[in-house]
Each structure stands twice: as C-alpha cells, then as structure tokens.
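Here is the structure we will look at, set down as structure tokens.
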Amino acid sequence: MIKSMTGYGQAAIEAQRFECRVEIKSLNSKFFELNLRMPRNLQYKELELRRDLQKQIERGTVSVFINVNYKLAEDKVNPLNLDVAEYYLKELNHLSELSGRSADQLFKSVFEFPNILSSKDDEPRDEDYKEVLTCVNAAFQAFDQFRIQEGAMLAIELERMVGSIEQKLEEITPFEQERITLVKERLMKELAKLPSEMADRNRFEQELIYYLEKLDISEEKSRLAQHCTYFRTTMQDVGAGKKLGFIAQEMGREINTIGSKSNHSAMQRKVVEMKDELEKIKEQINNIL
C-alpha cells in the first residue's frame, strides 16, 4: 500500500482551560523538512515533538501549526512582578523627593520599566502539553488518512501506466519478424550489386546470422516484463517510493535498449510511447512516500 507525500489534516479540541487547533500539511521532497510553529510556553517540548513527527511522517516538506487560545484572563494576562514593582516604587518615591516632581506623574510610567511584568509564555505547562499532544495526534490521523487516499489514487494511475507499457511491449512482437525480413532483403540487394566473384555467400550467411543476433530483443522484452511485474508487487509495500524509482530506472534501460535495436519505424514509435508512459510514472513516483 503506497502513500502520497502530499497530505493535509487538522483537528481541534476544547480543554478546560484552553482551545487548541492543529493543522498539518505536506508536499513532496526527497528528505524530511519540518516547519513547526507552537506556543512559546510549549517550546521546551519542541525537539521531542520533532522526533516523533519525523518517525511518523518520514519524508516530505511538512508544516505543522499549533494554536492555543486560553479561556481565562489569568492565563492570558502576564502577572505583576511584585518584587520588581516594589523596588521601582521605592526608587520613584526617592526620585520624587530629590526632584520635587509629583510622584503621581512618575508612577504613570511604571509599567514601561523592564521586568515589571512576569512573562507566562516561558512557563512550562506539562498538563497543557498532554492535551495539545492529543490534538496533534488527532490531526496526524486525519493527515495520514489523506495520504492513504491520495496513495490509492496514485496506485490506480500507476497501474494503468504500467499496463500501457506492457501492452505496447506486446504490440512490438508482430513487427519483429517483419523487421528481420526487411533487413535480409536490404542486405541481399546490396550483395546483388557486387560482382559474383567478390560475393562469398557462406561468409555472408554467417555475418547475417551474427547481425540478426545483435538485433534480437528477446532478453530485453523478458526483463522489461519482469520489471513491470516487480513494480506492481512493490506498490503493495509501505514506504516504497525510492524502490519504485529504482525499478523505473531499470525499466528505462530496457526500453532504451529495445529502441536502439529496433531498426524499424513502427517499433520505434512504440518505444517512444513506452518512454512517454515511463516519464509519467517517474513524475508520479516523486509524490510517493
């Protein structure tokens, strides 16, 4: 069963303290590339989450967006840092006495001073992360199901294209004997132009047999048929994208050899059609995990 590297999935949960929404999407790539966006107070778990996602997704250019919206004001607002605030207030009172300026005017800017507010964004929240991870897993399930569905569609298309190559390989067969007859007739005509004393018919027959053996494509046809069968079998495996690419390369070698040996216009047209189908196969393989 093949999977597509292109996928999309999303999930949302409502916990007691917050709402969470996770979105996962991916495009095809030779390697694993992850763009992960998550709240700052959960980033202490980023490396762990990256490792888990890489194991599950394996390959592709992946974007994961985690959005957490807290419900309570106490979770949204940064609390006052009392120790720092008390220090600033003492200093402002002292400054007011020295400068003669009103303390009220100085106090208006107290919230602009550094560290007056404690940041909640950096506080680790293990309980929150457990809820968020549940949402991530749900989004991944939807994402993976999308990849399976896309993979099933790719499998149908690949099956059709491999079948097309096999059909064109069979269509070459009627031209093989015709090609040999044409080659013999052409060589006989050239031989007839030579003076009889220069023509050694025994040697000619030997050379003709040797030449026709070089044009024989039985082995190439057999290997190409085997590669097509192997391609179908491999499509049943999980994570077979790279392996299918190697098989397609071997198919291309056999098709090219058949083309170089064809020496017949109708056969060459069939070879061009097989090459066209093979290029389409290679394009689709780029989308397979």
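Going by accessible area, probe 1.4 Å, with all protein chains left in place, what is the ranking of E157, E277, largest first?
Details: E157 70, E277 20 Å².
Ranking E157, E277 by accessible area, largest first, yields E157, E277.
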Environment charge at D237 (Cβ cut-off 12 Å; Lys +1, Arg +1, Asp -1, Glu -1):
+4
Residue-ordered couplings for region 267-272, obtained by feeding phi - 60° into the Karplus form 6.51 cos²θ - 1.76 cosθ + 1.60 and rounding to whole Hz (Gly and Pro as x), are 5, 5, 5, 5, 5, 4
Computed on Cα atoms, the radius of gyration and Dmax of region 1-78 in angstrom are 14.7, 50
Taking amide H positions as placed 1.01 Å from N in the peptide plane, with prolines and chain starts having none, which residues 5 or more places from G60, or on another chain, fall under 5 Å of its amide H?
S29, F31, F32, E33
How are the C-alpha pair distances of region 210-258 spread across 5 Å bins, as whole percents from the shortest bin up?
4, 21, 26, 18, 13, 8, 5, 3, 1, 0
Can you compute the modelled spin-label distance between S265 and T234, with each label point 7 Å from Cα toward Cβ, in nm?
3.7
For region 221-289 versus region 36-60, the gap between their alpha-carbon centres in whole angstrom:
38
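The values are calculated or read from the model by the stated rules, or taken from the named source; none is laboratory data. Since the structure is predicted, the reported quantities are computational estimates derived from the model, not experimental observations. Virtual Cβ from ideal backbone geometry, glycine too; neighbours counted across all protein chains shown. Surface accessibility is based on the protein's heavy atoms, side chains included, excluding ligands, DNA and RNA. Shrake-Rupley method; radii C 1.70, N 1.55, O 1.52, S 1.80 Å.
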